[in-house]
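The values are calculated or read from the model by the stated rules, or taken from the named source; none is laboratory data. Computed from a predicted model, the values in this text were never measured in an experiment. When we count neighbours, we look across all protein chains shown, and the Cβ atoms used for this are built from the backbone with ideal geometry, even at glycine.
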Amino acid sequence: MILDKIDENLIKLSKDSKEALKDIYQKIDEVCLYNSDRILEAFIENRVSYSDFADINGYGNFDEGRDKLERIFARVLGCEDALVRSQIMSGTNAIYLGLSALLKHGDTLLAISGDPYDSLLEMIGIYGDSNQSLKACGVKYEMIDLVDNDFDDEAIISRVKKGVKVVEIQRSRGYASRQSLAIAKIERIIKKIKETDPKVIVFVDNCYGELVEKKEPGHVGADIVVGSLMKNLGGGIATTGGYIAGRKDLIKEVAERLSAPGIGKDLGANFNQNINFFKGIFLAPNAVRNALKTAVFAAYMLEKLGYQNVDPKFDEERTDIIQTLELGSEEKLVEFSQGIQSSSPIDSFVKVMSAPMPGYPFNEVMAAGSFTQGSTIELSADAPIIAPYRLYMQGGLTLEYGELSILLALSNLQK
Ligand SMILES: *Cc1c(COP(=O)(O)O)cnc(C)c1O
């Protein structure tokens, strides 16, 4: 038994956590019920049927299941239309697809939550020399940093007045030390941007944020939102894929970029994934609930054990499933990640080491013992090898498996 290998003090702390975290868990349950309701309603409204799971091969014409699935994603995300495809291979791919469809030579992309996520830097052209970066295609990039973990309204509005095509917001912290941006903050800034210039396209990188709150960026005015199905909305069931949801006219542009003008959304074999995508979004509220509880549990344990730089704190409001922890050295990063890896259902025997990752600027340590390769709605931990050696942990399909992994990781640290 894994529990037999855990120190008594950790076991006791984890038992105490049940009482201490009761109210927080209850709030998470309430959001789960609310979002489950929205999703179930969308299934019923769209009359999902067994025949919608049919494997349509070849060109993938007339796939009614895919059409319904995309309507459900749109509805759940507060948008008019969506693309949900296995042809979208990751979050980065979804973001590049969206941005490169909407931004043409001479247009300006304005990032208003600081520089975006690491894997986007090369795509934008902030570094590297790709001929396919937005910069190489003549797109201008500007960035406005957050101030005290919130938008710099004044700077943003005065820049928007001078004309920009797309404003980019990253809801989740990604690999930055800042906090994630709650929907209320996103709502406030979108309202101001639209009052200043209604034509600006507000683009939200929604990765890790889906279903954490009752509202999504699409409900508060975002024009286009994107994410990966190896994260929240795949529910731990989808084995590949990504989504882009938003205004109907914009989704048309993006679909034509994905396939070709004249084809748009009409083609694309589903690789027999429809059932996984339907089941994935159906189970996503529960996966997100368990990921959130696992994160809260980890934060609680670490705080009680005296770790200072745990962020968010166990009792802070959350808008994504990421939990960070500063461990101070590469060695400790590896020890903690090894605990997560050793208690994973898949590849538990693997030794964690730091290594380069395609698209990421620093070496990374990564614990990922998941059924779907690289899935981060399943419990996973990763860290760029650079001071202050901050670990990013996310996912957890059940709280029980999450607890076991966290306990083993903590035991490893205390040795
Ligand atoms: C994960 C993530 C991405 C990129 O998604 P991949 O599927 O890893 O390519 C982009 N932005 C944020 C905020 C993310 O968390």
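Within the stretch 121-134, at least one residue is within 15 Å of the ligand (Cβ to nearest atom), modelled with pLDDT under 95 and outside any helix (DSSP H, G or I).
Inside the stretch 314-347, can you point out the residues that are in a loop (DSSP other than H, G, I, E, B) and within 16 Å of the ligand (Cβ to nearest atom)? Result: Arg318, Thr319, Asp320, Ile321, Ile322.
Restricting attention to the stretch 374-400 and to residues that are free of Cβ contacts under 8 Å to residues at least 60 places away in the same chain and either touching a strand residue (DSSP E or B) at 6+ places or on another chain (Cβ under 9 Å) or not aliphatic (A, V, I, L, M) (or both), the residue that is nearest to Arg289 (Cα to Cα) turns out to be Glu400.
Based on what the data block shows, is Gly227 part of a loop (DSSP other than H, G, I, E, B), of a type outside the set (S, T, N, Q), closer than 21 Å to Leu120 by Cα and touching a Cys at 6+ places or on another chain (Cβ under 9 Å)?
no
Looking across the stretch 371-415, just one residue is buried (at least 19 other Cβ atoms within 10 Å of the Cβ), charged (D, E, K, R) and under 20 Å from Asn9 (Cα atoms), and that is Glu403. Among the residues here, Ala368 qualifies as of a type in the set (A, V, I, L, M, F, W, C), within 14 Å of the ligand (Cβ to nearest atom), more than 13 Å from Lys293 (Cα to Cα) and surrounded by 21 or more Cβ atoms within 10 Å (Cβ to Cβ). Looking only at the stretch 208-257, how many residues end up being within 16 Å of the ligand (Cβ to nearest atom) and more than 20 Å from Arg289 (Cα to Cα)? Adding up the residues that qualify gives 10. When the stretch 180-190 is filtered for residues that are closer than 22 Å to Gly91 by Cα and more than 13 Å from the ligand (Cβ to nearest atom), the ones remaining, listed by number, are Ala182, Ile183, Ile186.
For the stretch 226-235, the condition holds for at least one residue, the condition being that it is touching a residue at least 24 places away in the same chain (Cβ under 8 Å) and over 20 Å from Ile95 (Cβ atoms).
Report yes if Gly246 is over 21 Å from Asn35 (Cα atoms) and of a type outside the set (S, T, N, Q), otherwise no. Answer is no for this residue. Within the stretch 135-173, the set of residues being touching a helix residue (DSSP H, G or I) at 6+ places or on another chain (Cβ under 7 Å) and within 15 Å of the ligand (Cβ to nearest atom) comprises Ile169, Arg171. Each residue in the stretch 98-120 was checked for being more than 12 Å from the ligand (Cβ to nearest atom) and at positive phi, and 1 pass.
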